[in-house]
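Scroll down for the structure; my scribbles are underneath it.
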Amino acid sequence: MAESMLGLKRSHRCTEVNNSMIGNEVTVMGWVQKSRNKGGIIFVDLRDRSGILQVIFEEANCGAESFAKAEKLRSEFVVAIVGKVAKRGGAINENLATGDIEVIASDIRILAEADTPPFPIEENSKTKEELRLKYRYLDLRRPDLQKNIMMRSKVTTLTRAFLAENGFIEIETPTLCKSTPEGARDYLVPSRVHPGNFYALPQSPQIYKQLLMCSGYDRYFQIARCYRDEDLRADRQPEFTQIDMELSFVDVDDVIEVNERLLAKLFKETIGVEVSLPIQRMTYAEAMERFGSDKPDLRFGMELKNVTDVVKDCEFVVFKGAIENGGSVRGINVEGQGAMPRKKIDALVDFAKGYGAKGLAYIAIQEDGSVKSSFAKFMKDEEMTALIDAMGGKAGDLLLFAADKNKLVYDVLGALRVELASQLGLLKKDEYRFVWITEFPLLEYNEELGRYQAMHHPFTMPMEEDLQYIDTDPGRVRAKAYDIVLNGTEIGGGSVRIHQNDIQEKMFGALGFTMESAYEQFGFLLNAFKYGVPPHAGLAYGLDRLVMLMAKEDSIRDVIAFPKVKDASCLMSDAPNVVDPKQLDELGIGINEASSEE
């Protein structure tokens, strides 16, 4: 039978009790982690969000009634316990913050009984994720998950304090917005009052924060909820959180400077890591050339080498064909892996094919200097020697090559170097390597649409020196855009925005918009720009990704209280689900039944 707390008040959380309180009475409350009855003495591990405290029940100290209650305790019962702090009688538990003390109970109230949970409430659970997510309210009791959620809270608290100290104002923007077709799919919300019309949930507060700059707020920030109806990955959710900001009268360096100080503060005060400032910068072009990715992981080498000129006259048809088609031949040196078994190399070839490669060419240099290669018979000895030299190859190394259009070669080798680093144990989670990637292309050509589209969004400012090419060679124009990358993951990105009407019109023209269609979609922003808009720039972090890396987790699901799974459903609440037909009638919505025919 559950009892009332009436008359009891918690004095301390479990790990707030310490050896300076020995002899003092405390009142603690929490969940029973485990209970052990040793005959005449009962040991209870009491757990709350702060940690675990050992409590001892002996009839001589707590009386027959309390001892009888203690005998009933099982895992996850919720209890209030009154007792005196004492030096631990048995061996000190070095793994607990309270390992040198215990509480000798004098009274107990059972506040709630509990069924046996479907899995143990313990750190590093081996229970399948599907079961844990179905009972997420129990999963969230696990100490490691609670630590992550509390870390997330600390990051947002520190962020708010830092930005406020640096002149930012926190302003909320709407979550019922107008749908815009650029970018990922919107989540749509039907309007009852305006039948046939829909709101969209925001993919970001982009337009609103630019309007706030037009309104003179100078520096804005928001911990913003955002929504994208897209396929999920380990670091994607249909709803996610951004640390969003916008600044007036600034350029690239100003945004980077304040954000470097923010990152240094967050990492120092949350996980005790010193971030060396200034953070390294690298242009998009350099990142692609060296790492095959605009999100380079700098914790290891294995950089791409362009060997197109070295092999341009060879007779190997794969290399020759790629070069003739305007592509390139590039490779990576997997140092010390020359003895990798053929089966493993074949698995790497399959991995590369998953990224669009037709195959991988390889040279395995044996310890005695001899060479095993998939294409040696097509190469003269001097060509093979020149290729190995260009790759920095030495005895014991494995050289891997991709040959195709540049983009595909970058994709394949960029992914391959990370896969190999993972296999070779080079991705250390306690090492944090930041890099700013700058000077992104302003536009990228979409083959399906047959036109250019914005690599970031239509309001990104071109670099002034490249404006001359926007009409004649739009693919050559670089943007004043910047991403902050940590250990191969983009944790934030932003840009300087266009604030001149003539440049914005040119940008819309390059994207294939008429001014009429541009006004149809973004009219309220473009109209606002007619009334005096300051130069402005911004940045948004993915809070979930940032905390995931700080917590050394592999998935953002481990730092979100109630995440969804890969099909964007919630296993705990069964969302999304059908709704009452009456609600649909009020909205004027009919459901097309899916055809049972193939």
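The values are calculated or read from the model by the stated rules, or taken from the named source; none is laboratory data. Bear in mind the structure is a predicted one, so any value in this text is a computation, not a measurement. Cβ sites come from the backbone with ideal geometry, for glycine too, and all protein chains shown count toward neighbours. All accessible areas refer to the heavy atoms of the entire protein, side chains included, with ligands and DNA or RNA removed. Shrake-Rupley method; radii C 1.70, N 1.55, O 1.52, S 1.80 Å.
Spread over its residues, the convex hull of the C-alpha atoms of segment 520-591 is 202 Å³ per residue.
Computed about its Cα centre, the charge dipole of the chain is approximately 1720 debye, with only Lys, Arg, Asp and Glu carrying charge at their Cβ. Rg of the Cα atoms in segment 14-69, relative to 2.2 N^0.38 Å, amounts to 1.16.
Measuring spread by the Cα atoms of segment 455-598 yields a radius of gyration and Dmax of 21.9, 59 Å. Rolling a 1.4 angstrom probe over the chain with all protein chains present gives an accessible area of which 49% lies on carbon and sulfur atoms. The residues of the chain have, on average, 50 Å² of accessible surface per residue, using a 1.4 Å probe with all protein chains present. With 0.36 nm allotted per residue and the present C-alpha distance subtracted, the E505-R281 stretch has 77.6 nm of extension available. Stokes-Einstein at 4 °C, 1.567 mPa s, Kirkwood radius from Cα pairs: D for segment 124-206 in µm² s⁻¹? Roughly 76 µm²/s, to the nearest whole number. Size of segment 204-271: Rg and Dmax of its alpha carbons, in Å, are 14.5, 39. Using only the Cα atoms of segment 237-296, build the gyration tensor, take square roots of its eigenvalues as a ≥ b ≥ c, and label the shape rounded, prolate or oblate: rounded if a/c is under 1.5, else prolate if a/b is larger than b/c, else oblate. Because its axes are fairly even, with a/c under 1.5, segment 237-296 counts as rounded. Residues in segment 222-227 carry Karplus couplings, in order, of 7, 8, 9, 7, 10, 9 Hz; the curve used is 6.51 cos²θ - 1.76 cosθ + 1.60 with θ = phi - 60°, and Gly or Pro positions show x. Sorting H536, H194 on solvent-accessible area from highest to lowest, probe radius 1.4 Å, gives H194, H536. With the largest listed first and rounded to whole Å, the semi-axes of the equivalent ellipsoid of the chain from the Cα gyration tensor are 51, 36, 24. Converting the Cα gyration tensor eigenvalues of segment 380-458 into ellipsoid dimensions via √(5λ) gives semi-axes, longest first, of 32, 22, 12 Å. Taking a point 7 Å out from the Cα of R74 in the direction of its Cβ, the residues of segment 118-143 whose backbone N falls within less than 12 Å of it are 118. The base-10 log of I(q)/I(0) for segment 37-120, evaluated at q = 0.11, 0.24, 0.26 Å⁻¹, reads -0.29, -1.28, -1.40 [Debye formula, identical scatterers on Cα atoms, solvent excluded]. With only the Cα atoms considered, segment 402-518 has a convex hull volume of 133 Å³ per residue. Looking at segment 158-195, the GluC sites (Glu not before Pro) that sit in a DSSP loop and have at most 16 other Cβ atoms within 10 Å of their own Cβ are E172, E182. With kT/(6 pi eta Rh) evaluated at 10 °C and eta = 1.306 mPa s, and Rh the Kirkwood radius from Cα pairs, segment 302-361 diffuses with a coefficient of 124 µm²/s according to Stokes-Einstein.
Pairs of Cα atoms nearer than 8 Å and 6+ residues apart set the relative contact order; for segment 40-168 it is 22 percent.
Given I437, G396, L413, which one lies farthest toward the positive end of the charge dipole of segment 379-533, if we put +1 on the Cβ of every Lys and Arg and -1 on the Cβ of every Asp and Glu? About the Cα centre, the residue reaching furthest to the positive side is I437.
Label-to-label distance for L427 and E303 is 2.2 nm, based on points extended 7 Å past Cα in the beta-carbon direction. Comparing Cα centroids, segment 166-245 and segment 516-587 end up 6 angstrom apart.
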